[in-house]
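A short write-up of the structure that comes next.
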Amino acid sequence: MSRLNSFRELEHLRERLRGQRQNITTTVMVCGGTGCKASRSQAVIDAVRDELSRQGLDTKVRLCVTGCHGFCEQGPVIIIEPGNIFYCHVSPEDAFEIVYQTVVKGEVIERLLYTDPVAGKTVRIMSEIPFYRAQDRQILSQNLNVDPCSIEDYIVAGGYSALTKVLRGMTPENVIKEIVSSGLRGRGGGGFPTGRKWSECREAPGDEKYVICNADEGDPGAYMDRCVLEGNPHLVLEGMMIGAWAIGARKGYIYVRNEYPLAVEHSRTVVEQARKLGLLGDNILGSSFSFDVDIARGGGAFVCGESTALMASVEGKVGEPWPKDIHTVVDGLYHKPTTLNNVETWANVPSIILNGSSWFASKGTRGSKGTKILALTGRIKNTGLVEVAMGTPIRTVVFDIGGGAVNGNRVKAVQTGGPSGGCLPMDKFDLPIDFDVLYEAGSMVGSGGMVVMDEETCMVDMAKYFLTFLQDESCGKCLPCRLGIDRMLETITDITEGRGKPEQLDLLEELADTVAQTALCGLGKTAPNPVLSTLRYFRPEYEAHINEKKCLAGVCKALITYSIDPDKCNGCGVCLRGCVYGAITGRKKQAHIIDAQLCQKCGICRSECKFDAIRVA
Amino acid sequence: MPPQTLEQTLEGRRSQPNQLIEVLQDIQKNYGYISKEAMQIVSQGLGVPLIEVYRVASFYKAFRLKPSGKNVLTMCMGTACHVRGARLLLDQATGQLGVKPGEVTPDGLFSVEHVNCLGACALGPIVAENGSYHHHMTPAKLRKLVETLRHQKTEGNQNVQAQ
């Protein structure tokens, strides 16, 4: 394909590509996202490709290796159109049957269908699987139609028509007006109105301006940006191009975590493809708009998710935040006006331009519009990526989509918003997913992580976990964050190790309040949230640790002991071989014993015992 | 360390201080760590003071300043993996190999590391072995993996490429 010099040439190309695909009768979509790749989907992809060519179907059947379909737990996943047939846990050995039975004969292979664990029945069609049924997949559904590394696929699916619409007939002011009235708010965590950010950046003095895509998804338990950037990078790029046109930027950066090798590779590929077609570079599609994008790889620092730290990192420096007395929309990257948005925010832009702001604003609540992608993980049946309209109750996500807790356990809490968010108990599950409502409740939507916890999760340990994370990730520049987190962690460690005193709870609250008020950057200011929210909703658990020296969830090592129930133990020896500390003794077929002196309470024996004989008290 | 490869890494980036992290990423990828000599060459090549190169190399978690073991076992300690027992895996690995996180076994075969999230949260707990992900890990599976890798030591090149 050669460089496109006008809007008409892009449309011609689109028509030509669509014409070439007229003969295609069936599309086999195999997930090539990171989750399915970890389940060895590459072998499935190769096997299906070989099988299609062996049965002479290459020209009629399109094999599309797509980005994430969201239901990672079931990987490798295949969807076949027409029919919307959904196969899960597919292995390379299934390739012949899939091609011969389903693709050629149109028959469904029962054993590859998904079984709904609640109803106990198989489900044939993707859209009828409970996990997908309650979702509103505006962005994620676009992952299905395209091979992330194929600009042809993206163009066939209507790609870059939002850009054309903008360049042909919208002034930058009109674009900004449209984004403002859509009510789009930043998906990265802050929830700042995107249109206002763009408008302030456009009005900022200076000719040299930048746009940045924040793909430094450092929140543990969140991976939605990874899937969007891996699965549909052209969509993100198109969003950035529209933003650049609106604010008057000629240069953009995608700042992506190096821990996401596939996202790095795909970003690089699409930028190259867009350059070749003249969609990046000078005078894009013959217009006056010139814009180019570079990829900057992150170095694995959580703090670089903060806008100023990220900009320092793009400049090749240590990722330390700077005070935002003057906003980055005026004084950002290289001291130039800079608009920084998160991956999901950019990905929302093309649809808003194409469908109009009122379409976008028709979904959601008064203050939070559109849809939000959530990473539903933890101790829950159906884990994966979920996209729902803003305003959907937490309960719907955890129970209708997630299917409730694993092992018949009781759901205790959900942690939203990562280390900056908080833990919400069951009685708050009717709250809608809404920036302002969750903030009021002591948590936040954040970037969309939703980690479900059950009765085997200790909430004091959770607070300790996040403080350990934050202590490790604090850049150390400002004192409140550097020392405040240290002291809070010290106090919580006392509590989890049986040295806690009742007055320490007040001290924790006071410390948390001080850090929240005085830390330099947004991450420091929100760092106390996990402590504050667990204290607010799970105070009795803290009190049990302090007053009764008990960890009811059986997690905090200093407060529990391991023993073997002689009635249940049949002396199989699995625990004995598994104990890395040599703390278990016993003869074959006789009940084993744990030496309390040697036991490190790691719990490995308990996780391996098939007879539920290891007791924790 | 073959200096020409370092030179190649620097090519087209000379005197561009903003390329520091990118250059260090490439060195980390090629050599497995950032040596003192590499930092000196980068400092000269990009025109960045050596102290700043060291500061950046020691600030970001992606960079190692010492060589790692032949097999790098990376435990994901993200929230989703944590609530599904990632701690057990770290205990298993450190207990079985007798090293602390960040250390290399005396025979140079293994290093154990932990990261704060690998972003495959739905499949946790995750252990990455030289960049290749193992999902739904249990202490028993990890023990077997370590034993398998240990016995591969005589088979020469067994690199598992990052996907």
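Here are the numbers for this structure:
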{"quantity": "Among the candidates B:GLU113, B:GLU52, residue that is under 18 Å from B:GLN28 (Cβ atoms) and either among the polar types (S, T, N, Q) or facing chain A (nearest Cβ under 9 Å) (or both)", "calculated": "B:GLU52"}
{"quantity": "Whichever residue in the stretch A:177-188 is open to solvent by less than 70 Å² (accessible area, probe 1.4 Å) and not basic (Lys, Arg) and, among such residues, is nearest to A:SER447 (Cα to Cα)", "calculated": "A:GLY188"}
{"quantity": "Residue within the stretch A:69-90 that is modelled with pLDDT under 95, under 26 Å from the mean Cα position of the chain (by Cα) and polar (S, T, N, Q) present", "calculated": "yes"}
{"quantity": "Members of the stretch A:422-477 that are in contact with a strand residue (DSSP E or B) (Cβ under 8 Å, 6 or more places away or on another chain), away from chain B (no Cβ under 14 Å) and within 30 Å of A:GLY498 (Cα to Cα)", "calculated": "A:LEU424, A:PRO425, A:MET426, A:ALA441, A:GLY442"}
{"quantity": "Unmet requirement for A:ASP494, which otherwise passes all of (1) open to solvent by less than 30 Å² (accessible area, probe 1.4 Å); (2) in contact with a helix residue (DSSP H, G or I) (Cβ under 8 Å, 6 or more places away or on another chain); (3) closer than 26 Å to A:ILE604 by Cα; (4) part of a helix (DSSP H, G or I)", "calculated": "(1)"}
{"quantity": "Qualifying positions in the stretch B:72-123 - in contact with a helix residue (DSSP H, G or I) (Cβ under 8 Å, 6 or more places away or on another chain) and among the basic types (Lys, Arg)", "calculated": "B:LYS100"}
{"quantity": "Tally of residues being part of a strand (DSSP E or B), open to solvent by less than 50 Å² (accessible area, probe 1.4 Å) and without any contact (Cβ under 8 Å) to a residue 24 or more places away in the chain across the stretch A:100-132", "calculated": "0"}
{"quantity": "Within the stretch A:133-174, tally of residues that are in contact with a Phe, Trp or Tyr (Cβ under 7 Å, 6 or more places away or on another chain) and either of a type in the set (D, E, K, R) or assigned to a helix (DSSP H, G or I) (or both)", "calculated": "5"}
{"quantity": "Criterion (part of a helix (DSSP H, G or I), over 30 Å from A:VAL264 (Cα atoms), out of contact with any Lys or Arg (no Cβ under 7 Å at 6 or more places or on another chain) and of a type in the set (D, E, K, R)) met by exactly one of A:GLU73, A:GLU11, A:GLU51", "calculated": "A:GLU51"}
{"quantity": "Residue that is least open to solvent (accessible area, probe 1.4 Å), among those in the stretch B:17-45 that are within 8 Å of chain A (Cβ to nearest Cβ) and over 18 Å from the mean Cα position of the chain (by Cα)", "calculated": "B:LEU20"}
{"quantity": "Meets criteria (buried (at least 20 other Cβ atoms within 10 Å of the Cβ), away from chain B (no Cβ under 14 Å), out of contact with any Cys (no Cβ under 9 Å at 6 or more places or on another chain) and at pLDDT 95 or above) for A:ALA361", "calculated": "no"}
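A quick yes/no check of all residues on (1) surrounded by fewer than 22 Cβ atoms within 10 Å (Cβ to Cβ); (2) touching a His at 6+ places or on another chain (Cβ under 8 Å); (3) under 21 Å from A:ALA309 (Cβ atoms):
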{"position": "A:ASN174", "(1), (2), (3)": "yes, no, no"}
{"position": "A:GLY190", "(1), (2), (3)": "yes, no, yes"}
{"position": "A:ARG202", "(1), (2), (3)": "yes, no, no"}
{"position": "A:ASN214", "(1), (2), (3)": "no, no, yes"}
{"position": "A:GLU217", "(1), (2), (3)": "no, no, yes"}
{"position": "A:VAL228", "(1), (2), (3)": "no, no, no"}
{"position": "A:LEU237", "(1), (2), (3)": "no, no, no"}
{"position": "A:ALA244", "(1), (2), (3)": "no, no, no"}
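The values are calculated or read from the model by the stated rules, or taken from the named source; none is laboratory data. Nothing here was measured: the structure is a model prediction, and the numbers come from that model. Cβ coordinates were reconstructed from backbone atoms using ideal geometry, including for glycine residues, and neighbour counts include every protein chain displayed. Just so you know, the surface numbers come from the protein's heavy atoms only, side chains and all, with ligands and any DNA or RNA stripped out. Shrake-Rupley method; radii C 1.70, N 1.55, O 1.52, S 1.80 Å.
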